[in-house]
Amino acid sequence: MSDGEGLNILHVIGSVAPRDGGPTVAIKGMSAALARLGCRVTVATTNADGPHGVLDVPLTRPAVVDGVSYRYFPRTLPGTFGLSLSLSRWLRRNISDFDVVEIHGLFVFATRAGCRSAARAGIPYVVRPLGMLDPWSLSQHSWKKAPYIRFVERPQLAGAAAIHATSESEADGVRALGFGDRVHVIPLGVAAVTHERRADSTDADVELLFLSRLHPKKNIPLLLDALRRVRSEGGQLKLTIAGSGTDAYRAELERQVLGLGLEKVVRFTGHVDGDAKDALFANADVFVLLSNQENFGIAVAEALAAGLPVVVSDQVAIAPDVLAAGAGLVVPVEAVAAAKALTMLASSRERRLDMGRRAAQLARDRYSWDRTAHSLRSLFSDLVAVRGNRKVSGEARHARA
């Protein structure tokens, strides 16, 4: 097992519902890639689909997808915390069968149960914070996050053998809490593109695409304001908003579209996946994401892989890569700046095509699930070796005594 082949890896995550967006895409992508490398991979999760819904998944047997064994457990109570006593029991009974555990997310029950079970069994565990240690994220509902960080998450991070950040900006948040000695930056990947891009639109009919969760941090109202500004100056842009969110928030966005007079040029598709998702990338001209915070930005990476120039906020973690590669435009979180960037791309088909070529090259060079899996396997192998050395050392001391 010196090269990591044959490692028995457990991932723990609160939910893998499609509506959860990036975290679900990431856990499935990295797990399948690790399985392709010869690792045995299990994902322990719940059947949660939002705060109250449930996924139609087996609860009494594992479901094997792409060589990965998914074990689903029912929630004990509804809600975003994801309490699942059956998940906790299974972890306590089975976690010692694994070589290493990666635990995804903070402020949820699955993380608490995974960290405690791994620590008790002496199994090295890795925490992937999912951007939740970013200053912006910590500022949201800080009245309840601050004590939870102090009394729950900080001890769990202190016990981690490693902390998996997906970008340097996320790593900075980890370092700010005093855990820089164990942070490892391993970017995420993207799936292979299955749809060929159509020819770029004429300058009179430029198709913008937003694809992510419908959540306030994604700044969709700011995007709509920017679109209104561009169209008021004669720019012919259309916008597709793809993704799911609460019914109340989608209704709020639809009211804003009507209030801005954009109902003829903005459409909502709801959640998309598979071929439908690939088709959206294939038929768009520019991808836009103006989030307040993204610890990586997997939808952006997917757009780059599809050969789309992107307009992203400077709070999207992979924005520096986009800027350095000339694969799109990076703007502050502000409507006027976003409108200027959209106007610049809308006015030049040649610029869009050039940035699109650079985007595809950037994705090929930087964002590969196989590359992610190789880096994770190397990290996991090192952690297992350290544990083995410590165990041998401890046994030797015991024998001398």
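The values are calculated or read from the model by the stated rules, or taken from the named source; none is laboratory data. As the structure is a prediction and not an experimental result, all values here were calculated from the model. All Cβ positions, even for glycine, are placed from backbone atoms using ideal geometry, and neighbour counts span all protein chains on display.
Can you name the number of the only condition in (1) over 16 Å from His104 (Cα atoms); (2) touching a residue at least 60 places away in the same chain (Cβ under 8 Å); (3) in contact with a helix residue (DSSP H, G or I) (Cβ under 9 Å, 6 or more places away or on another chain) that Arg19 fails? All conditions pass for Arg19, except number (3). Screening the candidates Asp354, Asp365, Asp382 for the property of being modelled with pLDDT under 95, out of contact with any Asp or Glu (no Cβ under 6 Å at 6 or more places or on another chain) and not small (Gly, Ala, Ser) yields one hit, Asp365. With respect to Thr80, determine if the residue is of a type in the set (Ser, Thr, Tyr), assigned to a loop (DSSP other than H, G, I, E, B) and touching a residue at least 12 places away in the same chain (Cβ under 8 Å). When the stated conditions are applied, Thr80 passes them. Just the residues that are of a type in the set (Ser, Thr, Tyr), in the same structural domain as Val68 (by TED's automatic domain parsing) and not in a strand (DSSP E or B), please, taken from the stretch 1-54. Ser15, Thr24, Ser31 - these are the residues of the stretch 1-54 that are of a type in the set (Ser, Thr, Tyr), in the same structural domain as Val68 (by TED's automatic domain parsing) and not in a strand (DSSP E or B).
Considering only residues in the stretch 19-63 that are of a type in the set (Gly, Ala, Ser) and over 18 Å from the mean Cα position of the chain (by Cα), the one that is surrounded by the fewest Cβ atoms within 10 Å (Cβ to Cβ) turns out to be Gly53. For the stretch 220-229, taking the residues that are in contact with a strand residue (DSSP E or B) (Cβ under 8 Å, 6 or more places away or on another chain) and crowded, with 22+ Cβ neighbours inside 10 Å, the one that is nearest to Val265 (Cα to Cα) is identified as Leu227.
With the checklist (1) surrounded by 23 or more Cβ atoms within 10 Å (Cβ to Cβ); (2) touching a residue at least 40 places away in the same chain (Cβ under 8 Å); (3) over 20 Å from His215 (Cα atoms) in hand, flag the one item Leu130 doesn't pass. The single condition Leu130 does not satisfy is (3). Considering only residues that are hydrophobic (A, V, I, L, M, F, W, C), out of contact with any Lys or Arg (no Cβ under 9 Å at 6 or more places or on another chain), assigned to a helix (DSSP H, G or I) and closer than 19 Å to Phe380 by Cβ, which ones fall in the stretch 86-115? Cys115 - this is the single residue of the stretch 86-115 that is hydrophobic (A, V, I, L, M, F, W, C), out of contact with any Lys or Arg (no Cβ under 9 Å at 6 or more places or on another chain), assigned to a helix (DSSP H, G or I) and closer than 19 Å to Phe380 by Cβ. The number of residues in the stretch 80-91 that are more than 21 Å from the chain's Cα centre (by Cα) and either surrounded by 14 or more Cβ atoms within 10 Å (Cβ to Cβ) or modelled with pLDDT under 95 (or both) comes to 8.
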